[in-house]
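Student: If you scroll down you'll find the structure; I have some questions about it.
The values are calculated or read from the model by the stated rules, or taken from the named source; none is laboratory data. Worth saying up front: this structure is predicted, and the values here are computed from it rather than measured. In this analysis, Cβ positions are derived from the backbone assuming ideal geometry, glycine residues included, and neighbour counts consider all displayed protein chains. Remember, those area values only see protein heavy atoms, side chains included, never the ligands or the DNA or RNA. Shrake-Rupley method; radii C 1.70, N 1.55, O 1.52, S 1.80 Å.
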Amino acid sequence: MLHCMTSEPEQQWGVGIQDAFQRLWTPHRMAYIQGENKPTGPGADDGCPFCSIPAKSDEDGLIVRRGEQVYAVLNLYPYNGGHLMVVPYRHVADYTDLTDAETIELAALTKQAMTALRTASGAHGFNIGMNQGTVAGAGIAAHLHQHIVPRWGGDTNFMPVVGHTRVLPQLLADTRKMLADAWPTA
(Lines give C-alpha, C1' and ligand atoms only; values in the text may rest on other atoms or scores of the structure.)
Protein backbone atom coordinates (compact mmCIF):
# COMPACT_ATOMS: atom_id res chain seq x y z
CA MET A 1 0.00 0.00 0.00
CA LEU A 2 2.79 2.47 0.75
CA HIS A 3 4.19 2.55 -2.75
CA CYS A 4 0.86 3.43 -4.36
CA MET A 5 -0.59 5.33 -1.36
CA THR A 6 -4.19 4.20 -1.82
CA SER A 7 -6.64 3.26 0.85
CA GLU A 8 -7.36 -0.08 -0.84
CA PRO A 9 -5.45 -3.05 0.60
CA GLU A 10 -3.14 -4.91 -1.76
CA GLN A 11 -3.58 -8.59 -2.46
CA GLN A 12 -1.14 -10.36 -0.13
CA TRP A 13 -0.90 -14.05 -0.95
CA GLY A 14 0.46 -16.22 1.83
CA VAL A 15 0.87 -13.60 4.55
CA GLY A 16 -2.28 -14.22 6.53
CA ILE A 17 -5.19 -11.83 6.81
CA GLN A 18 -5.13 -8.88 4.44
CA ASP A 19 -4.38 -5.78 6.45
CA ALA A 20 -2.74 -3.35 3.98
CA PHE A 21 0.60 -3.49 5.83
CA GLN A 22 3.85 -3.89 3.92
CA ARG A 23 6.07 -6.72 5.13
CA LEU A 24 9.78 -6.46 5.79
CA TRP A 25 11.06 -10.00 6.03
CA THR A 26 14.11 -10.63 8.20
CA PRO A 27 14.64 -14.39 7.90
CA HIS A 28 18.22 -14.12 9.17
CA ARG A 29 16.77 -13.44 12.65
CA MET A 30 15.26 -16.93 12.74
CA ALA A 31 18.75 -18.40 13.13
CA TYR A 32 19.19 -16.41 16.33
CA ILE A 33 15.72 -17.25 17.61
CA GLN A 34 16.31 -20.95 17.02
CA GLY A 35 19.70 -20.85 18.74
CA GLU A 36 21.89 -21.40 15.69
CA ASN A 37 25.60 -20.92 16.46
CA LYS A 38 24.96 -21.28 20.19
CA PRO A 39 27.27 -23.60 22.13
CA THR A 40 25.94 -26.97 23.25
CA GLY A 41 27.62 -26.61 26.65
CA PRO A 42 29.88 -24.35 28.71
CA GLY A 43 33.25 -25.61 27.45
CA ALA A 44 35.44 -24.16 24.73
CA ASP A 45 35.01 -27.42 22.78
CA ASP A 46 31.20 -27.27 22.98
CA GLY A 47 30.80 -25.23 19.81
CA CYS A 48 31.62 -21.80 21.23
CA PRO A 49 31.52 -19.37 18.29
CA PHE A 50 33.83 -16.93 20.09
CA CYS A 51 36.48 -19.66 20.25
CA SER A 52 36.11 -20.58 16.55
CA ILE A 53 35.90 -17.07 15.07
CA PRO A 54 39.64 -16.25 15.50
CA ALA A 55 40.60 -19.23 13.28
CA LYS A 56 38.69 -17.66 10.38
CA SER A 57 39.85 -14.89 8.10
CA ASP A 58 38.88 -11.40 9.24
CA GLU A 59 36.33 -11.20 6.43
CA ASP A 60 34.74 -14.60 7.13
CA GLY A 61 34.73 -14.10 10.90
CA LEU A 62 33.64 -10.43 10.67
CA ILE A 63 36.68 -9.52 12.76
CA VAL A 64 37.42 -5.81 12.69
CA ARG A 65 40.58 -5.81 14.82
CA ARG A 66 42.82 -8.42 16.43
CA GLY A 67 44.80 -7.69 19.56
CA GLU A 68 47.13 -9.94 21.52
CA GLN A 69 44.59 -10.85 24.22
CA VAL A 70 41.22 -9.86 22.72
CA TYR A 71 39.62 -9.15 19.37
CA ALA A 72 36.81 -6.92 18.07
CA VAL A 73 34.11 -8.56 15.96
CA LEU A 74 30.80 -7.47 14.46
CA ASN A 75 27.74 -8.93 16.13
CA LEU A 76 26.11 -11.38 13.73
CA TYR A 77 22.69 -10.38 15.16
CA PRO A 78 23.18 -6.62 15.66
CA TYR A 79 20.97 -4.21 17.57
CA ASN A 80 22.21 -1.35 15.39
CA GLY A 81 24.50 -1.02 12.39
CA GLY A 82 28.12 -1.25 13.54
CA HIS A 83 27.28 -3.25 16.72
CA LEU A 84 30.66 -4.62 17.82
CA MET A 85 31.79 -6.98 20.54
CA VAL A 86 35.20 -7.13 22.18
CA VAL A 87 36.01 -10.72 23.09
CA PRO A 88 38.96 -12.36 24.85
CA TYR A 89 40.58 -15.18 22.89
CA ARG A 90 40.63 -17.22 26.08
CA HIS A 91 37.39 -19.04 26.89
CA VAL A 92 36.40 -17.34 30.14
CA ALA A 93 32.90 -16.58 31.40
CA ASP A 94 33.32 -14.05 34.20
CA TYR A 95 34.83 -10.57 34.07
CA THR A 96 36.61 -11.18 37.36
CA ASP A 97 38.48 -14.10 35.77
CA LEU A 98 40.18 -11.92 33.16
CA THR A 99 43.91 -11.40 33.56
CA ASP A 100 45.17 -7.86 33.99
CA ALA A 101 46.50 -7.92 30.42
CA GLU A 102 43.10 -9.05 29.07
CA THR A 103 41.28 -6.37 31.08
CA ILE A 104 43.62 -3.64 29.85
CA GLU A 105 43.38 -4.68 26.21
CA LEU A 106 39.59 -5.09 26.41
CA ALA A 107 39.37 -1.49 27.63
CA ALA A 108 41.80 -0.27 24.95
CA LEU A 109 39.93 -1.98 22.09
CA THR A 110 36.65 -0.61 23.43
CA LYS A 111 38.05 2.93 23.22
CA GLN A 112 39.42 2.25 19.73
CA ALA A 113 36.06 0.83 18.63
CA MET A 114 34.31 4.00 19.77
CA THR A 115 36.80 6.10 17.80
CA ALA A 116 36.38 3.94 14.68
CA LEU A 117 32.58 4.09 14.91
CA ARG A 118 32.62 7.86 15.31
CA THR A 119 35.00 8.20 12.34
CA ALA A 120 33.21 5.76 10.05
CA SER A 121 29.58 6.45 10.87
CA GLY A 122 29.37 9.58 13.00
CA ALA A 123 27.95 7.77 16.03
CA HIS A 124 26.53 10.25 18.55
CA GLY A 125 26.68 7.93 21.55
CA PHE A 126 27.09 4.32 22.65
CA ASN A 127 25.59 1.59 24.75
CA ILE A 128 28.54 -0.34 26.19
CA GLY A 129 28.26 -3.32 28.47
CA MET A 130 28.28 -7.02 29.10
CA ASN A 131 25.69 -9.43 30.39
CA GLN A 132 27.21 -11.75 32.97
CA GLY A 133 25.31 -15.04 33.11
CA THR A 134 22.23 -16.34 31.35
CA VAL A 135 19.89 -14.77 33.92
CA ALA A 136 21.43 -11.38 33.10
CA GLY A 137 20.67 -11.81 29.40
CA ALA A 138 23.91 -13.25 28.06
CA GLY A 139 23.17 -15.12 24.84
CA ILE A 140 26.48 -16.95 25.14
CA ALA A 141 27.21 -16.87 28.86
CA ALA A 142 30.19 -19.23 28.79
CA HIS A 143 32.43 -16.79 26.87
CA LEU A 144 32.65 -13.21 28.06
CA HIS A 145 32.05 -10.50 25.47
CA GLN A 146 31.49 -6.76 25.74
CA HIS A 147 28.96 -5.07 23.47
CA ILE A 148 29.61 -1.70 21.86
CA VAL A 149 26.40 -0.47 20.24
CA PRO A 150 26.60 2.83 18.36
CA ARG A 151 23.65 5.20 18.72
CA TRP A 152 22.47 8.23 16.78
CA GLY A 153 19.98 10.93 17.63
CA GLY A 154 16.60 9.72 16.40
CA ASP A 155 17.77 6.15 15.75
CA THR A 156 14.80 4.72 17.60
CA ASN A 157 11.66 4.34 15.57
CA PHE A 158 8.52 2.26 15.30
CA MET A 159 10.15 -0.79 13.67
CA PRO A 160 11.59 -2.41 16.82
CA VAL A 161 8.57 -1.52 18.94
CA VAL A 162 5.73 -2.34 16.58
CA GLY A 163 7.37 -4.60 14.02
CA HIS A 164 9.90 -6.39 16.23
CA THR A 165 12.35 -5.71 13.41
CA ARG A 166 15.59 -3.78 13.21
CA VAL A 167 16.46 -2.05 9.98
CA LEU A 168 20.16 -2.19 9.18
CA PRO A 169 21.32 -0.01 6.30
CA GLN A 170 24.44 -1.96 5.34
CA LEU A 171 25.61 -5.54 4.86
CA LEU A 172 27.84 -6.84 7.68
CA ALA A 173 30.78 -7.46 5.34
CA ASP A 174 30.64 -3.83 4.17
CA THR A 175 30.36 -2.59 7.76
CA ARG A 176 33.36 -4.73 8.77
CA LYS A 177 35.52 -3.23 6.02
CA MET A 178 34.40 0.31 6.76
CA LEU A 179 35.24 -0.05 10.48
CA ALA A 180 38.53 -1.86 9.86
CA ASP A 181 39.58 0.98 7.55
CA ALA A 182 38.59 3.57 10.17
CA TRP A 183 40.24 1.77 13.11
CA PRO A 184 42.81 4.01 14.86
CA THR A 185 46.44 2.93 14.69
CA ALA A 186 47.17 3.64 18.34
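Student: Per the Kirkwood formula on distinct C-alpha pairs, the Rh of region 32-143 is how many angstrom?
Tutor: When all Cα pairs of region 32-143 are included, the Kirkwood radius is 14.7 Å.
Student: Moving on. So, with a 1.4 angstrom probe, what is the percent of accessible area on region 68-147 that is carbon and sulfur?
Tutor: Taking all protein chains in place, region 68-147 shows 54 percent carbon and sulfur surface.
Student: Right, another one. Spin-label point model (7 Å from Cα, Cβ direction): what's the Tyr79 to Lys111 distance in nm?
Tutor: Rounded to a tenth, the inter-label distance reads 2.3 nm.
Student: From a point 7 Å beyond the Cα of Glu68 in the direction of its Cβ, which residues of region 97-111 have a backbone N at a distance under 14 Å?
Tutor: Under 14 Å, as judged by backbone N against the label point of Glu68, lie 99-106, 108-109 of region 97-111.
Student: Additional query: Label points 7 Å out from Cα along the Cβ direction at Ala101 and Ala44: separation in nm?
Tutor: Once both label points are built, they end up 1.4 nm from each other.
Student: For region 91-151, what does the alpha-carbon gyration tensor say about shape, rounded, prolate or oblate, given a ≥ b ≥ c as the root eigenvalues, a/c under 1.5 as rounded, and a/b over b/c as prolate?
Tutor: It comes out oblate by the Cα gyration axes.
Student: Which whole-Hz couplings ³J(HN,Hα) result when phi for each residue of region 171-180 is put into the Karplus expression 6.51 cos²θ - 1.76 cosθ + 1.60, θ = phi - 60°, listed in order with x for Gly and Pro?
Tutor: 5, 4, 4, 5, 5, 4, 5, 4, 6, 4
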